[in-house]
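First comes the structure, then the notes that go with it.
The values are calculated or read from the model by the stated rules, or taken from the named source; none is laboratory data. As the structure is a computational prediction, the values presented were derived from the model and not from experiment. Don't worry about glycine lacking a Cβ; one is built from the backbone with ideal geometry, like all the others, and counts go over all protein chains shown. When the accessible area is computed, the model is the full protein with side chains, heavy atoms only, and any ligands, DNA or RNA have been set aside. Shrake-Rupley method; radii C 1.70, N 1.55, O 1.52, S 1.80 Å.
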Amino acid sequence: MAPEIITNGTDEQCSRSPAGKSIADFPSNANNIEYARSLDACCPLRHFRNEFIIPSKSNLRAQSLSEISASPMTDSASDAGIYFCGNSLGLQPKRTSAYVQNLLSTWATICVDGHFRPVADSPLAPWQDLAESASKLCAPLVGAVPSEVSIQNTLSVNLHLMMASFYRPTAVRNKVLLEFHAFPSDHYTIESQIKWHGYDPDEAMLLVTPDHGKYTLSTSELLATIDAYADQLALIVLPGIQYYTGQMLDIPLITEHAHKHGIPIGWDLAHAAGNVPLQLHDWGVDFAVWCTYKYLNSGPGSIGGLFVHERHGKVEYADSKSETGHDTESANRPIYRERLTGWYGGDRAVRFNMDNKFIPIPGAAGYQISNPSAIDLSCVIASLSIFNETSMQALREKSLRLTAYAEHLLLQDVPLIDGETAYKIITPCNPNERGAQLSLLFKPGLLDKVGQGLKSGGVVADQRKPAVCRIPPAPLYNTYEEVYTVVRIIKEAVS
């Protein structure tokens, strides 16, 4: 029987005891592998695991291409690796190679005509339409109108593009609010944008820190900080899910609060897209950026995505006639939100006129700069086609249960070191305040033991020095039995 997941209240209202009891209700026999297997057997999404290449333990140990077996995966249960690193790089979908090969075959045969000529029986549109195809597939995952999504560039480049349009500092309002432990790419982007505009990052970067003794951000303190600096803030940039702790911020509430003060707000959704349901359009988010190689499984360094709310993507024109009744050049000039522009952001109806008169595509596509990689887009579309066969709500329901099961097992009989627990979970215990990830903070000196234990057990997991290991069971391909095994290995490593 699946556990009950309690989703009411806030993180401040729930707690964990050191000996541990999770907030989900599990039966007394939950701490054995047979129970985990029973959950897998009745999981309605279990068939999606077969859509991915699960690496074998022998291949995970390989040091050269010559050591890798002909097949990247194994049919042997005993040789199957456990991949718990989807928050860094998702597994390869089996259909990706077919999609990429289709692109390569088109390129090899009809060459440049592949940009425009449809190919019968192909899962891919002509290359000129691939970005739009990817955007349509991605829009439901982030709760957007398709025209509000553009698949292009990489996350950091997209954040630079968004800040070029939304960070418009003045002598009075030039601060950017971000969290104290922002992923370095975000920190560097914001810092460099502030410098580019002639301001001092030491003064213009406003870092929000957790309350004393806490690891996660308090929503109330965050809102209070916005209130206190409202007259000085030019922009807010926050993570939908914080990469280190796995905390999910209250995007709609914080967005609404920023807008009450007239402050634009953008969100880094690198760890949220494909992980949790999002409603960016309904929440009124100004902009968002994300990568596609984590939970969206598009391959290392693959192309990223961005969201621009439709109110910022409008392209309008002044009255077509002047007061004298004659057409004027200025009246026909498009009116749109300022941005960095490029040829591929121009309306395709006039793009090939080559007259250097920029008319942006309405919506997020108008923020495009250049020709996106067709190979990248093929990988993205291959993965998104899998998401299109289910829903983010269904994935979220399984994710909640996987993570709750991991939490339950981790908190049972926690090993003690010098009278203290070997680790503690620093991710919020309220499921509404986290995604698929649980972050474990170990006592000093234990992380290396954990890493070695996981590696020896054929587990790929992420470690953040000096003391944190991130456990993110991905609902598309991870199982309850894998959760059970990973927790067992961790406890054995620190005992």
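When the residues of the stretch 98-127 are narrowed to those that are part of a loop (DSSP other than H, G, I, E, B) and under 28 Å from the mean Cα position of the chain (by Cα), which ends up surrounded by the most Cβ atoms within 10 Å (Cβ to Cβ)?
Looking at residues that are part of a loop (DSSP other than H, G, I, E, B) and under 28 Å from the mean Cα position of the chain (by Cα), I get Leu124.
Out of (1) over 19 Å from the mean Cα position of the chain (by Cα); (2) without any contact (Cβ under 8 Å) to a residue 24 or more places away in the chain, the odd one out for Tyr167 is which?
Condition (2) is where Tyr167 drops out.
Among (1) touching a strand residue (DSSP E or B) at 6+ places or on another chain (Cβ under 7 Å); (2) within 30 Å of Asn430 (Cα to Cα), there is one condition Asn174 misses while meeting the rest; what is its number?
If we test Asn174 against (1) touching a strand residue (DSSP E or B) at 6+ places or on another chain (Cβ under 7 Å); (2) within 30 Å of Asn430 (Cα to Cα), just (2) comes out false.
Across the stretch 266-308, which residue is farthest from Gly435 (Cα to Cα) among those that are of a type in the set (A, V, I, L, M, F, W, C) and free of Cβ contacts under 8 Å to residues at least 40 places away in the same chain?
Val285
Restricting the search to the stretch 166-177, which residues are touching a helix residue (DSSP H, G or I) at 6+ places or on another chain (Cβ under 6 Å) and within 20 Å of Tyr243 (Cα to Cα)?
Val176, the sole residue that qualifies.
Considering only residues that are in a loop (DSSP other than H, G, I, E, B) and either at pLDDT 95 or above or under 26 Å from Leu45 (Cα atoms) (or both), which ones fall in the stretch 446-470?
Scanning the stretch 446-470 gives Leu446, Gly457, Gly458, Ala467.
Of the conditions (1) of a type in the set (Phe, Trp, Tyr); (2) buried (at least 23 other Cβ atoms within 10 Å of the Cβ); (3) assigned to a loop (DSSP other than H, G, I, E, B), Phe358 fails just one. Which one is it?
That leaves (2) as the condition not met.
Just the residues that are open to solvent by less than 70 Å² (accessible area, probe 1.4 Å), of a type in the set (A, V, I, L, M, F, W, C) and outside any helix (DSSP H, G or I), please, taken from the stretch 193-209.
Met205, Leu206, Val208 - these are the residues of the stretch 193-209 that are open to solvent by less than 70 Å² (accessible area, probe 1.4 Å), of a type in the set (A, V, I, L, M, F, W, C) and outside any helix (DSSP H, G or I).
Here are the criteria: (1) part of a loop (DSSP other than H, G, I, E, B); (2) farther than 21 Å from Phe48 by Cβ. Tell me which single one Pro473 does not satisfy.
(2)
Considering only the stretch 460-475, state which residues are touching a helix residue (DSSP H, G or I) at 6+ places or on another chain (Cβ under 8 Å), in contact (Cβ under 8 Å) with a residue 60 or more places away in the chain and either farther than 24 Å from Gln92 by Cβ or open to solvent by 10 Å² or more (accessible area, probe 1.4 Å) (or both).
Val460, Ala461, Val468, Pro475
Would the stretch 25-47 turn up any residue that is in contact with a Gly (Cβ under 8 Å, 6 or more places away or on another chain), open to solvent by less than 30 Å² (accessible area, probe 1.4 Å) and modelled with pLDDT under 95?
Taking every residue of the stretch 25-47 in turn, none turns out to be in contact with a Gly (Cβ under 8 Å, 6 or more places away or on another chain), open to solvent by less than 30 Å² (accessible area, probe 1.4 Å) and modelled with pLDDT under 95.
On the given criteria, is Glu481 assigned to a helix (DSSP H, G or I) and in contact with a helix residue (DSSP H, G or I) (Cβ under 7 Å, 6 or more places away or on another chain)?
Yes.
Quick check, is Ser17 surrounded by fewer than 14 Cβ atoms within 10 Å (Cβ to Cβ), modelled with pLDDT under 90, among the hydroxyl-bearing types (Ser, Thr, Tyr) and over 26 Å from Cys379 (Cα atoms)?
Considered against the rule, which asks whether it is surrounded by fewer than 14 Cβ atoms within 10 Å (Cβ to Cβ), modelled with pLDDT under 90, among the hydroxyl-bearing types (Ser, Thr, Tyr) and over 26 Å from Cys379 (Cα atoms), Ser17 comes out as yes.
Looking for whichever is within 18 Å of Ile386 (Cβ to Cβ) and at pLDDT 95 or above here; the options are Ser156, Ser133, Ser147, Ser88. Which one fits?
Ser133
Would you be able to say whether some residue in the stretch 57-75 is at pLDDT 95 or above and of a type outside the set (Val, Ile, Thr)?
Within the stretch 57-75 (the criterion being at pLDDT 95 or above and of a type outside the set (Val, Ile, Thr)), the answer is no, since none of the residues qualifies.
Looking at the stretch 207-227 only, could you name the residues that are over 25 Å from the mean Cα position of the chain (by Cα) and either over 24 Å from Gly435 (Cβ atoms) or modelled with pLDDT under 95 (or both)?
If the condition is that a residue be over 25 Å from the mean Cα position of the chain (by Cα) and either over 24 Å from Gly435 (Cβ atoms) or modelled with pLDDT under 95 (or both), then Asp211, His212, Gly213, Ala224, Asp227 are the ones that fit.
Would you check which residues across the stretch 161-192 are assigned to a helix (DSSP H, G or I) and open to solvent by less than 20 Å² (accessible area, probe 1.4 Å) and list them?
Leu161, Met162, Met163, Ser165, Phe166, Asp186, Thr189, Ile190
Test Leu441 against the criterion of being over 30 Å from Pro277 (Cα atoms), open to solvent by 10 Å² or more (accessible area, probe 1.4 Å) and either in contact with a Phe, Trp or Tyr (Cβ under 9 Å, 6 or more places away or on another chain) or among the hydrophobic types (A, V, I, L, M, F, W, C) (or both), and give yes or no.
No.
Could you check the stretch 388-428 and list, in sequence order, the residues that are open to solvent by 30 Å² or more (accessible area, probe 1.4 Å) and β-branched (Val, Ile, Thr)?
Correct list: Thr390, Ile417, Thr421.
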